[in-house]
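Let me begin by presenting the structure, written as structure tokens, before commenting on it.
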Amino acid sequence: MIIDGKKIAKKLRISIAEQVIKLDRKPGLAVILVGDDPASEVYVRNKDNACKEVGFYSEKINKPVDITQTELLSEVERLNKDDKIDGILVQLPLPSHLDANQVIEAINPNKDVDGFHSENVGKLMQNKAYLRPCTPKGVMTMLATTGIDLVGKNCVVVGASNIVGRPMAMELLNAQATVTICNSKTQDLSSKIKQADVVVVAVGKPKMIKGDWIKDGAIVIDVGINRLEDGSLSGDVDFDSAQEKAAWITPVPDGVGPMTIATLLENTLTAYTAREEK
Ligand code: GUN
């Protein structure tokens with residue numbers, strides 16, 4: 001069966017919009033984009049549109065590719081102090097002359113709707129999560145829709161990035177699963193995946209995971225989105241062969257992608273509510 005991310009994300013957005021109608025002030029999200037990378041521009045535009053759809057206040061801030069570290073930090077500082085803004089997101093990757101980590105650490109952790117600040121990473125690691133990285137949290141929402149209990153399940157995460165792999169592994173551990181984290185140096189990856197009740201793949205290599213590696217009845221979550229030479233999109237999983245084995249599988253596109261954005265809205269509403277209650 002297909003885990004329909006597009007449909008689950010839509011339901012989540014509708015639920016958020018219904019909550020926003022009742023609020024005196026609109027939740028506000030600021031998204032900073034440095035430079036003009038076309039893929040990042042698409043992501044940022046999608047985030048901005050999603051904000052408008054649910055009735056958020058949104059600021060899309062485009063900065064030139066040659067912005068200095070000091071200028072970018074002062075922009076973050078301005079947004080930290082801006083009462084209209086509940087969430088701040090700096091689109092990654094940043095140009096190589098900028099120190100992304102220092103920028104992330106400059107964001108007020110209570111406005112860190114990406115969940116990338118070390119304070120929020122630490123809370124997730126301690127199983128006291130507050131603002132949680134959007135893609136892994138969105139995957140947990142998708143897994144919940146299958147009704148399958150994760151306690152004691154063998155979960156394999158392929159990819160160990162700060163944005164997806166590492167927080168994904170922590171989310172699954174917090175759900176009391178048994179978690180294996182693989183990276184590009186993992187030996188005999190196929191044998192690890194053959195053991196997995198749940199596989200989450202985020203590596204950025206089209207169709208790398210083959211259907212005959214998938215255990216019968218497994219759940220397969222494909223975070224990858226790769227543009228093929230013919231212009232079509234493919235995930236990191238060979239969908240056609242994997243769907244023969246999997247009980248549940250996410251498509252690409254319309255799988256994890258829409259969930260990341262809907263979860264960003266959810267996090268912004270969480271940050272808003274916490275600020276209003278203070
Ligand atoms: N680049 C790719 N994914 C993400 C994300 O979730 N947040 C930010 N800020 N940048 C990204």
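Every number in this text was worked out from the coordinates using simple rules, so none of it is lab data. This one's a predicted model, so the numbers in the text were calculated from it and none came from an experiment. Note: ideal-geometry Cβ built from the backbone for every residue, glycine included; neighbour counts use all protein chains shown.
First measure r as the distance between the Cβ atoms of Q195 and L92, then evaluate 1/(1 + (r/R0)^6) with R0 = 25 Å and state the FRET efficiency to the nearest 0.05. Mind showing how you got there, number by number?
Details: r = 32 Å, r/R0 = 1.28.
Once rounded, the FRET efficiency stands at 0.20.
With a cap of 13 neighbouring Cβ atoms within 10 Å, and only residues DSSP puts in a loop, list the trypsin sites (Lys or Arg not before Pro) found in segment 1-44. Walk me through the numbers before you get to the answer.
Working: sites: K6, K7, K10, K11, R13, K22, R25; in loops: K22, R25.
In loop regions of segment 1-44 (DSSP not H, G, I, E or B), the sparsely surrounded trypsin sites (Lys or Arg not before Pro) are K22, R25.
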| Hey, what does the equivalent ellipsoid look like for segment 50-206, semi-axes from the Cα gyration tensor as sqrt of 5 times each eigenvalue, largest first, whole Å? | 32, 19, 14
| note | Projected convex hull area of segment 149-189, Cα atoms, direction-averaged, in nm², equals 2.8 nm²
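Evaluate Rg over Rh across segment 1-130, taking Cα atoms for both radii and Kirkwood's formula for Rh.
Numbers: Rg = 15.7 Å, Rh = 16.0 Å.
Rounded to two decimals, Rg over Rh is 0.99.
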| field | Cα-based shape type of segment 204-268, given that a ≥ b ≥ c are square roots of the gyration tensor eigenvalues and the cut on a/c is 1.5 | value | oblate
| request: Sort out for me the Cα centre separation of segment 42-120 from segment 165-194, rounded to whole Å. | output: 29 Å
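Using the Kyte-Doolittle scale, find the helices of the chain whose mean hydropathy is at least 1.6 and whose Cα atoms extend 30 Å or more along the helix's long axis, counting only whole DSSP H runs.
Helices passing the filter in the chain: none found.
Normalising by the residue count of segment 105-240, find the relative contact order in percent from Cα pairs under 8 Å and 6+ residues apart.
The normalised contact order for segment 105-240 reaches 18 percent.
If you filter segment 182-272 for GluC sites (Glu not before Pro), then keep DSSP loop positions with at most 12 other Cβ within 10 Å, what is left?
Working: sites: E229, E244, E266; in loops: E229, E244.
Here the GluC sites (Glu not before Pro) that fit, given the DSSP loop and packing criteria, are E229, E244.
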| query | Cα-based count: Lys pairs in segment 190-278 below 27 Å, eight or more positions apart or different chains? | reply | 16
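From the gyration tensor of the Cα coordinates in the chain, what semi-axes in whole Å does the equivalent ellipsoid have, largest first, with each one equal to sqrt(5λ)? Provide the component values of the computation, followed by the final result.
Values: eigenvalues 199, 85, 66 Å².
Three semi-axes, in Å: 32, 21, 18.
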| Net length gained if the chain between V42 and R78 were fully extended (0.36 nm per residue, minus Cα distance) | 10.5 nm
| said: Could you work out how much longer the chain between D230 and I61 gets when fully extended? Use 0.36 nm per residue separation minus the Cα distance between them, nm to one decimal. | reply: 57.6 nm
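Assuming R0 = 25 Å, what is the FRET efficiency of M125 and N154, from their Cβ-Cβ distance, to the nearest 0.05? Can you show the working numbers first?
Numbers: r = 21 Å, r/R0 = 0.84.
So the FRET efficiency works out to roughly 0.75.
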| said: Give me the one-decimal nm value for the distance between modelled label points at D254 and E277, 7 Å along each residue's Cα-to-Cβ direction. | reply: 3.7 nm
| said: Between T260, T250, T145, where does the largest GNM mean-square fluctuation fall for the chain, given springs only between Cα atoms within less than 10 Å? | reply: T145
| message | Show me the trypsin sites (Lys or Arg not before Pro) within segment 127-173 that DSSP assigns to loop and that have at most 11 other Cβ atoms within 10 Å of their Cβ. | response | K128
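Before anything else, pin down the relative contact order of the chain: Cα pairs under 8 Å, at least 6 apart, normalised by residue count, whole percent.
Values: 537 pairs, mean separation 57.3, N = 278.
Value for the chain: 21 percent.
In which sequence would R166, R45 go, from the one with the fewest C-beta neighbours within 10 Å to the one with the most? List each step's numbers first, then the result.
On the way: R166 19, R45 13.
So the ranking, lowest neighbour count to highest, is R45, R166.
Please compute the length gained on full extension between Q102 and K26, using 0.36 nm multiplied by the number of residues separating them and subtracting their Cα-Cα distance.
On the way: separation 76, 0.36 × 76 = 27.36 nm, distance 2.90 nm.
Extra length from Q102 to K26 when fully extended: 24.5 nm.
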